[in-house]
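Step one of this worksheet: look at the structure below.
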Amino acid sequence: MSEIRFYSNPESLAVALAEELAKNIVATIGNHGVCHMVFPGGRSPYLILKELREREIPWKALHLYPSDERCVPVGDPDRNDRLIDELIIGHVPFPEKNFHRIPAELGSEEGSLQYALLLDRTPRFDIALLGVGSDGHTASLFPGHPALLNRRPAVPVENA
């Protein structure tokens, strides 16, 4: 059964979503001993990650994977992985080795090839939290873009 929920502001949505995510993460770790979670890029996960770090989660059993990344140098403020650096690492007992960064600094083609190798070794994704841009894109995949025809586990997206 589908359920649609409405929230009066982004903060109340973030609180509710963080609570739901925490429950699912804890349940998955209880069932499998580990939880592999995909999270979106951009600014959309900021409030959610901020709320999530306030929850009781077995952080050492959580693995995080960004759904997309910008091809800019490590540490660049436009990178998506900086949200985990800023909001999670150092704030909770989350091992940095459990954060599986996209090596986008290698360029879109090489970075996506390296990330695809990592994804091929990942047994499963338990949770995928994705956003949708105002233009309909998710995980840097844009409606009508040729990258949608690529069937690799990680896809380079140019001219998006």
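The values are calculated or read from the model by the stated rules, or taken from the named source; none is laboratory data. Bear in mind the structure is a predicted one, so any value in this text is a computation, not a measurement. As a convention, Cβ positions derive from the backbone with ideal geometry for all residues, glycine included, and neighbour counts pool all protein chains shown. Heavy atoms of the whole protein, side chains included, go into the accessibility calculation; ligands, DNA and RNA do not. Shrake-Rupley method; radii C 1.70, N 1.55, O 1.52, S 1.80 Å.
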Evaluate the following for L21: is it touching a strand residue (DSSP E or B) at 6+ places or on another chain (Cβ under 8 Å) and in contact (Cβ under 8 Å) with a residue 40 or more places away in the chain? yes
Restricting region 31-46 to residues that are of a type in the set (A, V, I, L, M) and under 8 Å from the mean Cα position of the chain (by Cα), the one farthest from L130 (Cα to Cα) turns out to be M37
Taking the residues in region 1-52 that are in contact with a Phe, Trp or Tyr (Cβ under 8 Å, 6 or more places away or on another chain) and over 19 Å from D85 (Cα atoms) as candidates, determine which candidate is modelled with the highest pLDDT. A16
Pull up region 128-160, narrow it to residues that are within 23 Å of L64 (Cβ to Cβ), of a type outside the set (A, V, I, L, M, F, W, C) and at pLDDT 80 or above, then point me to the one that is least open to solvent (accessible area, probe 1.4 Å). P156
Pairs needed: first member in region 146-160, under 19 Å from V72 (Cα atoms); second member anywhere, part of a loop (DSSP other than H, G, I, E, B) and among the small types (G, A, S); C-beta distance under 7 Å; at least 6 residues apart or different chains. V157/S140; A160/S140
Just one of (1) crowded, with 17+ Cβ neighbours inside 10 Å; (2) modelled with pLDDT under 95; (3) of a type in the set (A, V, I, L, M, F, W, C); (4) over 13 Å from the mean Cα position of the chain (by Cα) trips up A61, so point out which. (2)
